[in-house]
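The values are calculated or read from the model by the stated rules, or taken from the named source; none is laboratory data. Worth saying up front: this structure is predicted, and the values here are computed from it rather than measured. Note: ideal-geometry Cβ built from the backbone for every residue, glycine included; neighbour counts use all protein chains shown. Side chains are part of the model used for accessible areas, which takes the heavy atoms of the whole protein and leaves out ligands, DNA and RNA. Shrake-Rupley method; radii C 1.70, N 1.55, O 1.52, S 1.80 Å.
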Amino acid sequence: MEARRQISPAQRRRRARWGLAVLILLLSALAATAMQTVRDLGTALHRQESISTRAHAITHLQSAAMLLTQTPLGAYSPRSRIALDALTALRRDLATVPQSHLSASLRFHLARAADLIRHIARPPVSRHTALYIQRRQNELLMEVNTINVQLRQLVAQAQSRSDQAIRDARWWGAAFGVMLVITLVLFLLRMLAQATAQRHTVKNLAFELQRDPLTGWANRALFIDAMDRGLSQALRAQRHAGTLFLDLDRFKIINDRFGHAAGDEVLRQITHRFSAVIRSGDLPARVGGDELAIFMPDLPDDAAAAELARRLVECLNEPLMVNGSPIDVGLSIGIAIFPANGQSAAELLNAADQAMYRAKQQGGGYAYHTAAVTAHVARQQQMAKDLHLAVREDQLFCIFQPIFDAKTRYPVAVEALARWRHPDLGVVAPADWLPLAQRADLLAGFTSTIIDHAIKELPAWKKLGWSPRVSINLSASECLNPQLPAIIAETLQKSGLKGSDIELEITDDILTMPVAIETISQVKKLGVGMTMDDTSGGYPSLPSMNRLPLNRLKVDRAAIGQLTRSARELELFAAFVALAHRMRLQVIAEGVETEAQASVILAADCDLLQGHYYAPAQDAELLLRHVQQLTSRGQPTPAGRWF
């Protein structure tokens, strides 16, 4: 399951601005449509008034024409006065019509008709008066007919424009209605979109509160709540339930080597693989950085939990690919069963956590929670608490194992081995507390203390004429400490020693850690020697010989133990020594236990020897007595052994 896509606040603001702009445009178009509709309605009304006026004018004109077609009119005839009144009413009606609506021809004929009527009404007095009136009457009748035709054309045109204005008003009114409906629909859609966005926001918030954003699995709060409800149902139904607690081995090293982005990608790939084998009714969760858990609410039997654990382990048989590089990740799983190992979610999860630590100490895989596991985890937890007091109460110390020159059999260096003197348990072996210190991120804090204890005896040895190099082991996490060069520089300054008096034994894990390589390079500039130690396969890798600022290479005791058993192993050892010499590096054979091993190592031209055959690790006081014996007789015994 993937985390849902989120909408950023900037995207929300941008969408809101676009929606507001569209709404404003629609409202503007709506207002313009309404104004145009009002204008068209006004135009239509005005033109209707103009049509009415022209219709009245035509009526008056027809009345005047009818009078003029009667018998000849005299100067003071009542009909003449009526015709004049009709013509006056016509001109008065036409005066209300805009002059732009009257053609020049119509205005001319109106003026001509008026003159003719005046001439008819007041003809000149002569014997030809009747003929004069008759002639003017005929001319007036022609003018009236012409005016009548043109007025009717004007009325028809006005009526057409009025009809068009009404049609336009109806069209704009319909457009106004459509725009209004569209605006309302868009407004409702926007309200619906806002409500939907709020609902999605609430869902996303609920998802974020209950789900891990990286893996999509449940977070710790949701997991505990689901476990409480599932255990209550299991108790009522009288059935078993189970919890698996998963921890990824070497995950911290992945973060240190490749960065946290690579670590996140590893988690995504792992949870994707796990999701394919987890049952549909089970609930997976990420409860910590690299800690996962699975709740099985309906467990048919205890073997079902073990079967799921086995399938989860098999999921990591194939290496993961991150940035094109294969990565191997181990898995430790603890199994706790309800109700045997706990009655509540917290108890069951804690029991599975304890079983997981037991599985981790067994080298991975899975382990059930038992009473023995509880006791063992309690001891481990108490020891982890005691480790925090070890530095403050000066419980850490060093023992030393000499390293001999192969040609002179003279001890030219000592390896400082850290030990813990527990107030109740006595001297605790490193295998019992170093993993605890590494899981609790305490090794970086131990570095300064171990270095101080390692070089504390060196001034006394120098007074006796013995100046060995002191070799100190550093883990990969300690090499990642950017303060390491400053710590060593301060230690050298306080003790008055030179950088060449110290040698650091590092592991090839740092090859994929650029920060660690840079830190080691800075330490190297202080004159401190470097030895490659704790290599997989017994021999340092070629990349470490080429990329790291080394002085010496240490061959692991596992490879040394094979030299007297296999001719090919002996040939490989000799070839490795020759290659190291070509690269101007010395070789240390670690774990020399027998005379036969010492003989073949010397025959291969190895430079330095270390092991119980020559001298075991011992505390500073015993080593000082041997140094005094050594200096009193000048050289060690011919066999090179101190005992």
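Go through the range 493-520 and give me each residue that's buried (at least 19 other Cβ atoms within 10 Å of the Cβ), part of a helix (DSSP H, G or I) and more than 38 Å from the chain's Cα centre (by Cα).
Of everything in the range 493-520, just one residue is buried (at least 19 other Cβ atoms within 10 Å of the Cβ), part of a helix (DSSP H, G or I) and more than 38 Å from the chain's Cα centre (by Cα), namely Asp501.
Conditions (1) at pLDDT below 70; (2) under 32 Å from the mean Cα position of the chain (by Cα); (3) farther than 30 Å from Val287 by Cα; (4) open to solvent by less than 70 Å² (accessible area, probe 1.4 Å), marked per residue:
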| position | (1), (2), (3), (4) |
| --- | --- |
| Ile133 | yes, no, yes, yes |
| Arg136 | yes, no, yes, yes |
| Leu154 | yes, no, yes, yes |
| Ala165 | yes, no, yes, yes |
| Phe187 | no, no, yes, no |
| Leu192 | no, yes, yes, no |
| Arg199 | no, yes, no, no |
| Lys203 | yes, yes, no, no |
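For the range 457-491, what are the residues that are closer than 16 Å to His626 by Cα and aliphatic (A, V, I, L, M)?
Within the range 457-491, Leu458, Ala460, Leu464 meet the criteria.
Look through the range 577-634, keep the residues that are among the charged types (D, E, K, R) and assigned to a helix (DSSP H, G or I), and return whichever of them is modelled with the lowest pLDDT.
Arg633
So which of Leu235, Leu244, Leu231 ends up being more than 20 Å from the chain's Cα centre (by Cα) and more than 15 Å from Ala352 (Cβ to Cβ)?
Criteria check complete, one pass: Leu235.
Of a type in the set (A, V, I, L, M, F, W, C), open to solvent by 70 Å² or more (accessible area, probe 1.4 Å) and under 30 Å from Thr531 (Cβ atoms): is that true of Val414 in this structure?
No; evaluated as a whole, the condition is false for this residue.
Between residues in the range 382-406 that are within 22 Å of Asp619 (Cα to Cα) and aliphatic (A, V, I, L, M) and residues that are crowded, with 19+ Cβ neighbours inside 10 Å and at pLDDT 90 or above, which pairs lie under 6 Å by C-beta distance while being six or more apart or on different chains?
Sorted first by the residue in the range 382-406, then by its partner, the pairs are Ile403/Ala413; Ile403/Leu608; Ile403/Gln610.
Name the pairs whose Cβ atoms lie under 9 Å apart, with the first residue in the range 426-437 and more than 18 Å from Gly364 (Cα to Cα), the second at pLDDT below 75 and not aromatic (Phe, Trp, Tyr), and 6 or more positions between them or separate chains?
As it stands, the answer is Ala437/Leu443; Ala437/Gly445, since those pairs meet every condition given.
One line per residue, one yes/no per condition, for (1) under 23 Å from Pro423 (Cβ atoms); (2) not hydrophobic (A, V, I, L, M, F, W, C):
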{"position": "Leu348", "(1), (2)": "no, no"}
{"position": "Ala355", "(1), (2)": "no, no"}
{"position": "His369", "(1), (2)": "no, yes"}
{"position": "Val373", "(1), (2)": "no, no"}
{"position": "Ala384", "(1), (2)": "yes, no"}
{"position": "Gln395", "(1), (2)": "yes, yes"}
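Quick one: Thr447 ticks every box in (1) more than 30 Å from Ala615 (Cα to Cα); (2) in contact (Cβ under 8 Å) with a residue 24 or more places away in the chain except a single one, so which number is it?
(1)
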